[in-house]
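The values are calculated or read from the model by the stated rules, or taken from the named source; none is laboratory data. Just so we're clear, the structure is a prediction, and the values are computed from it rather than from any experiment. When the accessible area is computed, the model is the full protein with side chains, heavy atoms only, and any ligands, DNA or RNA have been set aside. Shrake-Rupley method; radii C 1.70, N 1.55, O 1.52, S 1.80 Å.
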Amino acid sequence: MKRANRIADKLRSAMLKAFNDPAQTEQLMPLLDHPQAGSSIAFCALENLQLDPQSEARCLRVVPAMASATDPSGASAVLWLSDRLSTSDTAQESEEWPWASLIA
């Protein structure tokens with residue numbers, strides 16, 4: 001587990017460096033569809049960037065798919081969604097978020 005956390009920390013650090021350059025950010029967005037890296041990129045981008053609405057929506061589509069997994073990453077995604085749902089202006093404005101059923 002420690003090894004996996006170290007790898008995740010290194011990946012997060014590399015993504016944050018890449019996100020400092022808009023050109024590199026654009027290069028990372030297609031990786032959202034990658035089965036292993038996509039969720040990490042989505043979380044990192046959503047937590048650390050001011051995304052345009054299209055990029056934000058694309059990142060947000062990755063997280064609910066991950067939340068339906070039965071492994072620890074799925075549980076993490078459910079917790080993240082729950083927190084985001086409780087603090088988001090979007091959640092307060094809309095009657096139902098697409099993933100509200102995942103955290104009910």
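Taking every protein chain into account, the 1.4 Å probe leaves residue 33 with about 120 Å² of accessible area, to the nearest ten. Scalar couplings 3J(HN,Hα) for the stretch 7-13, obtained by applying the Karplus form with A = 6.51, B = -1.76, C = 1.60 to θ = phi - 60°, are 5, 4, 5, 5, 4, 4, 4 Hz; x denotes Gly and Pro.
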